[in-house]
Each structure stands twice: as C-alpha cells, then as structure tokens.
Amino acid sequence: MDLQQAGFEEIWKRLTPQERERFKHEVDSGVLQEAIAEWKPWWMLVRKGPVIDVEEEKALFELLPVVEPGIKPLSQLSKVSPPKELVFNLVEILYTFCYTARLLNGEVQEEFEEAQRILLLVSHVLSTQEKFAYSTVAQAATGPMQRVRQQPSLSGDPELVSVVLDDICVLLSDKHLVLVALSETQRILTHVRSGAKANRGAFLGAKKASFYLSWVTEQPGADLEGLVMFLQDIKREEKEMHKKHKMQKLAVEQAMQLQKGKPAANLVEEIK
C-alpha cells in the first residue's frame, strides 16, 4: 500500500485493534499533538481585541483565505424566503469546519480527501440531501459532537470540543470571517484529485456551502454575533459534564482499587 496516496480510512482498516487503541490514546492524550508543529488558525489572527491601527488591521485581513468571488445574495437566486432556523445550521457547519481544520492541523487543502471525509461524517447539514434544520443552537452544536463520538477514527477529546466552540464564537463575531470559513468549506468539497472522478457526496456538500454563502451575505452581522452568548453557555455545560464524568470515573477506579486491597491515594488527581 502506498501510504502517500492512501486515505485515512484505508490505513485505519489495516491497523490492528491494539494499534487503533494506541493511536486513539495518543490523540486524546496529546502525545501526537506535541510531535506536530502547532498550527495557528487564520481566524485567531484577526480575532477582536484591543483597537489596532487601521493599516495593521488591513494587513491582518490580507493574511486570510479569500472569500469565494461572485457570490450572489440568496434573494437574487430564489423568491422563497428561507426559514429563520438556517442560522442554527450555520453553527453546525462552522463547528464541523473548525473541527476538521483543527484535527488536520490546518492542512485542509493539502489533505482535502480526508477533510472531505470528516466534513461529511460530522456535518448532517452538508451530507444530507433532504431539507433539514436544527431548531436550537444547542442542537446545532451538540449534534456534530455526538457524531464525532460515534466515529472511532475521530477524536472526541473534550479539550478539542472546548477549543472548537471558542473558534465558532470568534468566527461569528465578524461576518467576513464566516464568509471565509464557508468559502474554505466549499473549496475543500470541490477539490478533486487530477484524473479522479468527483465525489458525489462532496459535490452536493459544496452546493450546500454555496447556498449558505449566498444566505449569509444578507444576514445582519449583529444577528450572527448574537449566537455567541448561547455557545458560551454550551461550552460551560460541556465543561461541567466532562468534570462530572471525570469525577465519576475516578470514584469507580478508587472503588475498584479498594476492593483489591490496594491504596487509592495515587489515583487522586486534581479535577479542574
């Protein structure tokens, strides 16, 4: 097997159960992360902070990937008013994009086939051909989290979940960043290896990304930024759930050690 050409799924299938378990452990424990040069997401370069010089701000924005050119507002493409719940679908798409970018250490265009696989596995909005809309921000954010946890080849590390929720908040704080993220999503899904047939699922996903690009162009930036408060609440809830799970796991481990007649002192760890 040519490892340079093989996709993640093909390599994953060839690993033994022990090798898969070791890989998951190294991903979740951060061992692999430490061995890879840290990638600084482009959206973190321009996140809102102290007031900076106009020229400096302009220079920072020039470092961003470009927004897809020639986007037509949705009102020019359809006379049907879209449902207001589309804003929740946008949250799910942004979560999926940020998760994919983080997981691949920013190499979403270089590893586009793997990026396509992850996007379509994690995002119900991009992968379904049916009309679909979440009804709350919480559903839109936790939906992709649950799908990640169901995939053994993906990392459901609680720390990554927390970081991705922060990422979405940064993107939603600036409408331009949302358009860049959607443009990047569309480019990933339309990428085809030379001589290969287009992936139908990726093609349909790209159409969805294009639709949301057109829709977002007409949305007030304040409406998008208004979602940040809800996402921050979800992040706090996820942290509390993780803390509770960690404490329960510790209690079980201590009980098991006590049953074996071994001291449990060295199992105690600080719960943050």
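The values are calculated or read from the model by the stated rules, or taken from the named source; none is laboratory data. Being a predicted model, the structure only gives us computed values, none of them experimental. Quick reminder, even Gly has a Cβ in these numbers, built from the backbone with ideal geometry, and neighbours come from all protein chains shown.
A few comments on the model shown:
- The number of residues in the range 125-136 being buried (at least 19 other Cβ atoms within 10 Å of the Cβ) and in a helix (DSSP H, G or I) comes to 2.
- Within the option set L119, L179, being within 21 Å of P65 (Cα to Cα), at pLDDT 95 or above and crowded, with 21+ Cβ neighbours inside 10 Å holds for one residue only, L119.
- Scanning the range 215-224 for residues that are closer than 18 Å to A138 by Cβ and either free of Cβ contacts under 8 Å to residues at least 60 places away in the same chain or surrounded by 16 or more Cβ atoms within 10 Å (Cβ to Cβ) (or both) gives a single hit, L224.
- Summed over the range 140-174, residues that are touching a Gly at 6+ places or on another chain (Cβ under 7 Å) and buried (at least 18 other Cβ atoms within 10 Å of the Cβ) total 1.
- Cross-chain or 6+ apart pairs with Cβ under 8 Å, the range 182-203 first and over 24 Å from V67 (Cβ atoms) and at pLDDT below 95, then part of a helix (DSSP H, G or I) and of a type in the set (A, V, I, L, M, F, W, C): G201/L120
- Count of the range 8-18 residues which are closer than 19 Å to G156 by Cβ and modelled with pLDDT of 80 or more: 2
- Filter result for D167 (touching a Pro at 6+ places or on another chain (Cβ under 8 Å) and touching a residue at least 60 places away in the same chain (Cβ under 8 Å)): yes
- Within the range 182-210, the set of residues being closer than 16 Å to H124 by Cβ and either surrounded by fewer than 19 Cβ atoms within 10 Å (Cβ to Cβ) or among the β-branched types (V, I, T) (or both) comprises T185, G201, L204, K207.
- Residue match in the range 75-85 (condition: over 19 Å from G201 (Cα atoms), touching a residue at least 40 places away in the same chain (Cβ under 8 Å) and hydrophobic (A, V, I, L, M, F, W, C)): yes
- Note on the range 238-262: residues that are surrounded by 12 or more Cβ atoms within 10 Å (Cβ to Cβ) and acidic (D, E) total 2.
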